[in-house]
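K.L.:
Supplied in structure tokens, the structure appears directly below.
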Amino acid sequence: MAASRRQNNRFVLVVLVLLGVTLVTLSTRGSDQGIFNKVRAYARQVADPFQSAVHSALEPVGNFLYGAFNYGSLERENQLLRQELVAAQTAQVQAASEQAQAQQVLAQAHLDYLGAVPTVAAQVVGLGSANFEQTIEVNRGSDNGLAVGEPVVAAGGLVGSVSSVSAHLSTVTLLDDPSFTVGVEVVSRSSTPAGKASGKGKTGRAKGPSSVSSGAAAVANGGSVVSSGGAVVVGAATGQGAGNALSVQGVDVGANVKRGDELVTSGLQLEHFPGGIPVGTVTSVYAPPGALQLSISMQPFVDLGDLQVVQVLLWSAQSG
Amino acid sequence: MNGRSGNVAGKVALVLLFGAFAQTTFGADLRVDNVAPDFMMLLAVCAGIAGGPQAGALAGFGAGLLSDMFLQNTPFGLSALAACLAGFAVGWARANLFQPSPLLTPLIAAAGTGMGVAIFVVAGYLVGQAQLVAPGKSWLVEQAVVEGVFSAVLALPATALMGWALRGASGVLASSAEPPADALGPPRPSRASARSRRRRRSQARARTLR
């Protein structure tokens with residue numbers, strides 16, 4: 001009796017494991033429009049009203065608890081933000097005049113104004129519940145013109161990209177997700193006058209009108225594109241999980257990169273993002289002994305744990 | 001027999017759906033150091049504790065499938081595989097190694113959840129999901145430990161819930177393990193068996209006196 005029960009248990013386990021492996025194989029080999037993604041999209045649509053309702057009900061409680069436990073740091077952060085606001089308002093005035101100058105230059109060269117990328121504002125209605133994926137749900141979908149792969153920004157910085165779309169909802173994979181990678185370009189805070197690039201080799205930029213106006217702002221804030229022997233310093237930033245700094249790879253040892261440098265999207269050919277979107281700040285640069293590439297960490301500009309409203313750029317690499 | 005199985009399956013499905021609701025609503029907001037609890041893995045492990053290896057495997061597979069519906073970047077079926085194996089392993093350990101108790105159940109749930117996380121990462125890596133190991137070993141260990149702690153805290157009520165779900169219409173646990181055991185302690189002898197033991201003792205005494 002006991003032996004037959006054990007045999008039965010093993011039989012059930014083998015059947016379930018085989019079924020699981022089959023599902024994994026079919027899912028891995030399937031296309032983005034396959035049945036599994038459709039099931040996932042349907043499940044998200046069903047869960048969304050409950051998610052929104054509970055999130056709205058619990059958010060004040062969560063905010064109260066967060067404020068109670070972090071009062072000191074919130075006060076310090078508030079003071080810091082006030083100082084940064086004053087500095088940003090000053091820079092904004094300068095950037096506005098430089099944007100006007102850039103418009104004139106581009107008009108003379110018969111190019112479309114950079115920053116004419118249409119956007120759709122979306123509210124964050126849910127957080128991803130899995131620990132191995134960093135995602136958010138927003139309340140706009142294909143009915144609003146969203147498509148998979150479109151960049152998502154907030155408060156002037158890159159947030160991530162749209163990874164799945166249903167009629168009224170979309171899922172955005174965040175910058176710190178380990179599966180997220182973006183090409184970046186280093187913008188150094190140098191003594192070069194604002195608005196002028198110090199490097200000669202701005203090659204490989206994908207299609208002129210593809211950069212957004214924030215790229216002009218990144219340069220107008222006194223930064224310049226870093227050049228090293230005539231080449232722009234580019235790399236690929238990859239997420240390392242929630243709360244962890246992003247890792248920038250592909251930068252050769254000897255490149256002029258230092259802590260505090262800012263990174264923007266490179267917009268190189270075949271990139272999924274237009275150039276010039278602010279991404280983050282370099283927090284550490286380390287040259288491992290004997291390595292050919294630098295080990296660089298960066299912190300995103302946007303606070304990914306406190307997103308309320310985002311902007312989806314209706315942009316794709318094909319259309320520019 | 002079929003009615004009892006259907007009753008058990010219905011109750012287990014209800015519990016798993018409730019777990020999925022909890023995971024997708026307030027589960028995402030209950031984060032400690034950016035790690036959220038995994039209610040579905042907890043239910044799979046508790047099914048193993050309450051019902052044995054077969055119950056753990058079946059409930060784990062169902063819980064994992066529900067989890068997979070809300071994931072984005074991993075193949076469909078990966079969570080089902082991980083939860084099924086974790087539920088079976090915990091159920092097997094419960095049937096062959098120890099009797100659950102109110103003190104031991106949280107530890108088993110924590111260990112089972114940690115094992116489920118490890119199986120998920122290893123199986124995912126084997127099918128090409130390199131992003132699961134990209135953040136490094138210390139991050140993965142932190143995930144497993146924090147999820148384990150969440151499971152330990154919620155183990156007793158979750159095991160009671162799965163125990164209720166796995167009980168058939170007659171009140172007997174639909175378990176594939178021997179001997180059946182209550183995760184909240186060993187079962188007390190029934191009144192009927194105590195009465196029959198007293199009757200046998202009094203009969204034996206009467207025979208001795210004669």
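K.L.:
I need the P(r) histogram for the stretch B:1-128: all alpha carbon pairs, bin width 10 Å from 0 out to the longest distance, whole percents.
P.N.:
Over the stretch B:1-128, the share of Cα pairs per 10 Å bin runs 14, 43, 34, 8, 0 percent.
K.L.:
If you don't mind, there's one more thing I want to ask. Scan around A:LEU127 for amide H atoms under 5 Å from its own, H built in the peptide plane at 1.01 Å from N, and keep only partners 5 or more places away or cross-chain.
P.N.:
Result for A:LEU127 returns A:GLU137.
K.L.:
May I ask you to evaluate 6.51 cos²θ - 1.76 cosθ + 1.60, the Karplus curve with θ = phi - 60°, for each residue of the stretch B:36-50 and list the ³J(HN,Hα) values in order in whole Hz, giving x for glycine and proline?
P.N.:
9, x, 10, 5, 5, 5, 4, 5, 5, 5, 5, 5, x, 5, 7
K.L.:
Expected output is a single nm value to one decimal: the length gained when fully extending between A:ALA2 and A:VAL309, i.e. 0.36 nm times separation in residues minus the C-alpha distance. What is it?
P.N.:
104.6 nm
K.L.:
When only alpha-carbon atoms count, how far does the stretch B:29-97 stretch along each of its three principal axes, as whole angstroms with the largest first?
P.N.:
Its Cα atoms span 36, 26, 13 Å along the three principal axes.
K.L.:
Taking the Cα centroid of the stretch B:100-173 and of the stretch A:251-287, what is the distance between the two, rounded to the nearest whole Å?
P.N.:
Using only Cα atoms, the two centres lie 39 Å from each other.
K.L.:
Here is a follow-up. Quick check: Cα centre of the stretch A:51-80 to Cα centre of the stretch B:27-94, how many Å?
P.N.:
Centre-to-centre distance over Cα atoms comes out at 30 Å.
K.L.:
Another question about this same structure. Taking the Cα-to-Cβ direction at A:LEU74 and at B:LYS137 and moving 7 Å from each Cα, how far apart do the two end points lie in nm?
P.N.:
4.0 nm
K.L.:
Taking 0.36 nm per intervening residue step and subtracting the Cα-Cα distance, what contour gain separates B:VAL153 from B:ASP29 on full extension?
P.N.:
Answer, rounded to one decimal: 43.0 nm.
K.L.:
Let me check I've understood the local charge: for B:VAL121, count other residues with C-beta under 14 angstrom from its C-beta, Lys and Arg +1, Asp and Glu -1. What total comes out?
P.N.:
Here the count lands on -3.
K.L.:
With a sphere of radius 14 Å drawn around the Cβ of B:PHE150, what net charge do the other residues whose Cβ falls strictly inside it have (Lys, Arg +1; Asp, Glu -1)?
P.N.:
-4
K.L.:
Once you list every other residue whose beta carbon is under 12 Å from the beta carbon of A:ALA236, what net charge do they have if Lys and Arg are +1 and Asp and Glu are -1?
P.N.:
-2
K.L.:
At 7 Å along the Cα-to-beta-carbon direction for both A:ARG29 and B:SER5, put a label point, then send me their distance in nm to one decimal.
P.N.:
3.1 nm
K.L.:
Follow-up. So, R0 is 45 Å and r is the distance between the beta-carbons of A:LYS258 and B:VAL145; what FRET efficiency does that work out to, to 0.05?
P.N.:
In this case the efficiency is close to 0.80.
Read-outs throughout are calculated quantities, based only on the coordinates presented, and are distinct from any laboratory measurement. These figures come from a predicted structure and were not determined experimentally. Note: ideal-geometry Cβ built from the backbone for every residue, glycine included; neighbour counts use all protein chains shown.
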